[in-house]
Amino acid sequence: MKKKGTEQGHIKKRSQFQETWKRLSKNRLAMVGLAILAILVITAIFADLIAPYPYDEQDYMATLQSPSWEHLMGTDEYGRDIFSRVVYGSRTSLYVGFISLMGGALIGCIFGAIAGFFGGKTDNIIMRTCDVLHGIPQIVLAIAIASTIGPGITSALIAVAVSSVPNFARVVRAATMTVRDQEYVEASQSLGGNNTHIIVRHIFPNILAPIIVQATLGIGKSILLCASLSFLGLGVQPPMPEWGSMLSNARTFMRDYSYMVISPGIAIMLTVLALNLFGDGLRDALDPKLKK
Amino acid sequence: METKNKLLEVKDLSIHYFTDEGVVRAVNNIDFELARGETMGLVGETGAGKTTTARGIMGLVPNPPGRVVSGEILFEGKDLLNASKLQMRLHRGKDFSMIFQDPMTSLNPILTVGDQIAEVIRLHEKLSHKDANRKAAEILEMVGIPAERMSEYPHQFSGGMKQRVVIAIALACSPKLIIADEPTTALDVTIQAQVLELMRDLQEKLGTAMLLITHDLGVVADTCNKVAIMYAGQIVEMGSLENVYDNTKHPYTKGLFGSLPSLSIKSKRLVPIDGLMPDPVDLPSGCPFHPRCPDCMESCKSRMPVKTEVSPGHYVRCLRCE
């Protein structure tokens, strides 16, 4: 038998966060993902200092230039520095990715928790609605929403958020259902806790792990979806730099000036890759079954 | 017993579960009462309806499929079955609370024990965070756990300690009635004794009434004033400890005592009760115990025995005693 309370107690005192971090830091790929993310966030915050030119400065003396020391990634058809635009674009992409995901996660969590906790008719109504939303391809749904509200960053945000709701609702519902029947939930009921209290205090903290994982993996998708919307001209409008719309603009020059599509493309790819690597690592680290 | 002294009165309570396979008659027409500060043991086999009775009192019968089909539950004279959901919620934890069987699962693994105790206090009393925490610390000390351990998580406690925490949570708002659903089943014998002693001490100190659900007649003898024996959803025998233990009337109760090992009488084998608990979906006609009863008469097979008072306060449901 282990001796509890004395030495063992102190060793065991590590919190869940530290425990997770320890396991996460052993995962090399996840750390690479985290490093790329960190660089991206720093780039987004200090874009003004990093970018050599303002993102909308046009120089008609230097249009469609190949990468050089002056213009690291070349210039576009208006003579704007692509490197600066990619740097500024990280702001838009991360902003849209995070905000829309937060919105989607919030709504999805609320509906998923309600569906999972109450079950029965409530569950059926919410989940069937989600099934319908799920049945429509995300991009089509987003196009429908964006074209109803009108193109622009807000409609892109709403479109991406709405289309991520069903994913969250599903994950949260499943997790809620496993926790709902735990004895401590019944214990809380027997002590006079009301439903809201039980969901917020007892169920939600216990299902945080799958939500976090879904969120990290979802940001990548959101960024990609937002880029697709911008590519189609329904998202972020020029001259605001956004990777998707940069790709869209550069599409016409792809054959002769391929560097124009490569840089924003790589930026998107790296971001999504980093988020997926990190999300995967996080999922493994939070999974108690993989504990060693 | 004077009327004003009664804390809990259960009259003619029946709780059935309506499932696809049929109606499960978990609790059938049971009556009992509990005075302030009194302890009653509710003894029976698995599936006798003990836990359902407890849930009925708490108002936590899972619905669907469960439903209280008849009866009254009076708590301090107020009918709990007709109370609104909100009223019930305010009662729970403050006026009556429950101790669950398994302390391993009845604590939330990701909240500190201090938080979980303070939570109940804050649900029922308008106290600031700080005051609630201070009170939680006091209660923790009361159940014999140093207050410094408030910020620890349930997994850092041993089983017996966890059950102490569960007791602390149940007692946090000094309820008038505690329903303990097999509080010692998951613990080993030495810890059982400690926990029972703790519960008895606290009960005396706080004047709380207790309904102790258990299979263990020894635990009942140790802690209770009264005992009710349940079989197939009915109370077959009820009375004071002396009545039931020394003047056993019902053949089922006799069978339960007969199946206990004794230190004084040497025997090679224990005497079990033949047969199994009847299926609550399809209870036998007449007295539900008749197929297993060694003293079965012809009339037992057709007629349900009524509650008979064989001596003051000692009730038996058996045709032989009518």
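Table for the structure above
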item	result
Tabulated pairs, the range B:73-84, first under 14 Å from residue B:177 (Cα atoms), second in a loop (DSSP other than H, G, I, E, B) and open to solvent by 50 Å² or more (accessible area, probe 1.4 Å), C-beta under 8 angstrom, 6+ apart or interchain	B:73/B:81; B:76/B:176
Unique residue being among the small types (Gly, Ala, Ser), touching a helix residue (DSSP H, G or I) at 6+ places or on another chain (Cβ under 6 Å) and open to solvent by 20 Å² or more (accessible area, probe 1.4 Å) when the list is A:227, A:209	A:209
All positions within the range B:72-98 that are in contact with a strand residue (DSSP E or B) (Cβ under 7 Å, 6 or more places away or on another chain) and open to solvent by less than 20 Å² (accessible area, probe 1.4 Å)	B:73, B:75, B:80, B:96, B:97, B:98
Options A:68, A:93; residue that is surrounded by 13 or more Cβ atoms within 10 Å (Cβ to Cβ), among the polar types (S, T, N, Q) and modelled with pLDDT of 75 or more	A:93
Lone unmet requirement of (1) more than 14 Å from chain B (Cβ to nearest Cβ); (2) surrounded by 17 or more Cβ atoms within 10 Å (Cβ to Cβ); (3) under 24 Å from the mean Cα position of the chain (by Cα) for residue A:260	(3)
Residue B:206, sole failed condition from (1) within 19 Å of residue B:171 (Cβ to Cβ); (2) crowded, with 19+ Cβ neighbours inside 10 Å; (3) among the aliphatic types (A, V, I, L, M)	(2)
Test for residue A:154: is it more than 20 Å from residue A:224 (Cβ to Cβ) and open to solvent by 20 Å² or more (accessible area, probe 1.4 Å)	no
Filtered residues of the range A:179-201 (kept if within 7 Å of another protein chain (Cβ to nearest Cβ) and either hydroxyl-bearing (Ser, Thr, Tyr) or in contact with a strand residue (DSSP E or B) (Cβ under 8 Å, 6 or more places away or on another chain) (or both))	A:184, A:187, A:189, A:190, A:191, A:192
Boolean, residue A:60 is farther than 20 Å from residue A:262 by Cβ and outside any helix (DSSP H, G or I)	yes
Failed item in (1) crowded, with 24+ Cβ neighbours inside 10 Å; (2) of a type outside the set (Val, Ile, Thr); (3) modelled with pLDDT under 85, with residue B:126 passing the rest	(1)
Output for the range B:63-94, where each listed residue is within 9 Å of another protein chain (Cβ to nearest Cβ) and either closer than 24 Å to residue B:37 by Cα or in contact with a helix residue (DSSP H, G or I) (Cβ under 9 Å, 6 or more places away or on another chain) (or both)	B:64, B:88, B:89, B:90, B:91, B:92, B:93, B:94
Test result for residue A:36, open to solvent by less than 50 Å² (accessible area, probe 1.4 Å), farther than 26 Å from residue A:158 by Cα, of a type in the set (Val, Ile, Thr) and at pLDDT 85 or above	yes
Only one of B:180, B:186 that is closer than 20 Å to residue B:44 by Cα, surrounded by fewer than 20 Cβ atoms within 10 Å (Cβ to Cβ) and within 12 Å of chain A (Cβ to nearest Cβ)	B:186
Residues of the range B:141-162 that turn out to be within 23 Å of residue A:197 (Cα to Cα), open to solvent by less than 30 Å² (accessible area, probe 1.4 Å) and either free of Cβ contacts under 8 Å to residues at least 24 places away in the same chain or part of a helix (DSSP H, G or I) (or both), as a count	2
Sole exception among (1) away from chain B (no Cβ under 14 Å); (2) surrounded by 17 or more Cβ atoms within 10 Å (Cβ to Cβ) for residue A:254, by number	(2)
For residue A:120: the one exception among (1) of a type in the set (Gly, Ala, Ser); (2) surrounded by 15 or more Cβ atoms within 10 Å (Cβ to Cβ); (3) more than 26 Å from the chain's Cα centre (by Cα)	(2)
Residue match in the range A:212-223 (condition: within 10 Å of another protein chain (Cβ to nearest Cβ) and touching a helix residue (DSSP H, G or I) at 6+ places or on another chain (Cβ under 6 Å))	no
Scan of the range A:230-243 for residues that are touching a residue at least 40 places away in the same chain (Cβ under 8 Å) and crowded, with 17+ Cβ neighbours inside 10 Å, ordered by number	A:230, A:232, A:234, A:235, A:236, A:240, A:241, A:242, A:243
Elements of type helices (runs of 4 or more DSSP H) in the range A:65-175, at least 3 residues being closer than 28 Å to residue A:241 by Cβ and out of contact with any Cys (no Cβ under 8 Å at 6 or more places or on another chain)	A:82-118, A:138-149
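The values are calculated or read from the model by the stated rules, or taken from the named source; none is laboratory data. This structure is a prediction, so every number in the text was calculated from the model and none was measured. Glycine gets a Cβ as well: all are built from the backbone with ideal geometry, and neighbour counts include every protein chain shown. Accessible surface areas use protein heavy atoms only, side chains included; no ligands, DNA or RNA. Shrake-Rupley method; radii C 1.70, N 1.55, O 1.52, S 1.80 Å.
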